[in-house]
Amino acid sequence: MVQMVEILLLNSLFLINGSSFGNFSSSRGVRQGDPLSPLLFNIAMEGFSRYLDRVAAMGQFSGFSNVHNGIVINHLHYADDTIFFLNNSRDELHNLFSSLKCFELIAGLKINTTKTRLISIGDCQDLPSWALELGCITDKLPFIYLGLPLGAKANSKAIWDPVLTKFDVRLSHLSKISLSKGGGRVYFWYDKWNGDDPLNISFPDLFRLSKDKYFIVASHISNGSWVFDFKRRLWDNEVNQFASFLLRIGSSPPILDNLTDTRRWSLGNNGVFSVKTLYSKLIQSDGIDNFPYRFVWNNKIPPKVSFLVWCAVHGKLNTKDMLLRKGMTLEMDCIMCGDVVETASHLLLHCKVAYKLWLNLIPSSWCWISPQSLFHLANGWHQMFLNHNVECWNMIPAAIVWVIWGERNVRTFENKHIFKTDFDLIIEAKSLIIVWDTVFGHHIISTEDNWDAIFS
Ligand SMILES: [Zn+2]
């Protein structure tokens, strides 16, 4: 096993954009978060598990079985958490602790007794004194294991209470979620049940005049209408405020029913969360609603390709200029032409190889002028070709970006790669478009040879 670990540690390579890029040897061991660490942990714990099975097989302690002569479980592992099952016997407990001590000597993995808890199923008078002997503490069922109460009645609703509470706490940060208008437990003035702020913040004057500030929503409803009882009659300016207040809460109050209050996603119509509504809200508030999403997200293009285009449009491709900025020293020249520094705009638009691809994929009668950047291209793409109902028009940039990036990566990272010619790359991009189009049931109206037919 030591050999295995050595091999793992000494033969690490790193990946850049998914391609392997040179070896390095680790010098500082493994840290948490290192993908090696769970693997090594599993290898060690596998040994631990086998060891315990052997100890149990020797009769040092017993586990439990669900059915007669069924499989016997003496321990359960989850990550660094282990549960042992023993009979109600001081001997078994001491045997277990001795064998853990032995494991500690063999493996160097220390068992922390202060974090160890003894829990009895059923009555066990001696438990506290045993815990004292062994330097650990006692606990009782149900206790929280993996986020759920272990040992609670399996069908009890209470099991889910802590889970629901946790969700409630997390969700309460999202201001756009409003409580349903059942109004059973929702404070009329203090809770955020209508709009972005609680009503006591939005209408401080009316709030001051309200008789009971802790009324729930339901107490302000009677016979299907709102009822309010203020400390005195409203003055003129307050009446105006009251009007906008009514406008805010709506003229017809929620219908009182026996349903419990739930959270509703207020951005959609059906109250159910959807990524789409959140996304449009986000781009709206960030002021980037002109982001060329139609250029990037096209359901006829494989998602991994769309994602690459998305990175390119956002200027997030790890081209060499970006890697230099991140502190890596590399050969800076564009691998496609060898002339200038590799930037995303150069590689995908201005490089002579890229230029050839664009020129060959757009209608042949056109004059192609490279835009400044992928972002500029994305914003202008749909205005460029008037007949843009043609599905494959949207696929051209994605196919070109994908083909160039793929070739650029193998040229950069794979020593034995035979470079494709510009012509190969053009054919590859055209075939990609034909394939994507065919997958979606379109008749192939064009081949690489009569490419222009694709625009008709
Ligand atoms: Zn170039």
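Just a few scattered comments:
- Local net charge near residue 399, Cβ-Cβ under 9 Å (Lys/Arg +1, Asp/Glu -1): 0
- Cβ-Cβ FRET estimate between residue 196 and residue 318, R0 fixed at 45 Å, reported to 0.05: 0.70
- Annotation: extensible slack from residue 273 through residue 163 equals 37.7 nm (criterion: 0.36 nm per residue apart, minus Cα-Cα distance).
- Our estimate of slack between residue 368 and residue 58, defined as 0.36 nm per intervening residue step minus the Cα-Cα distance, is 103.6 nm.
- Separation of the alpha carbons by more than 18 angstrom is noted, of 300/430; 356/420; 110/140; 115/140; 352/420, for 110/140.
- Gain in span if fully extended, residue 138 to residue 219, counting 0.36 nm per residue against the direct Cα distance: 24.4 nm
Computed from the coordinates by the stated procedures, all read-outs in this text should not be read as laboratory data. Everything numeric in this text was worked out from a predicted model, so none of it was measured. All Cβ positions, glycine included, derive from the backbone under ideal geometry; neighbour counts span all protein chains shown.
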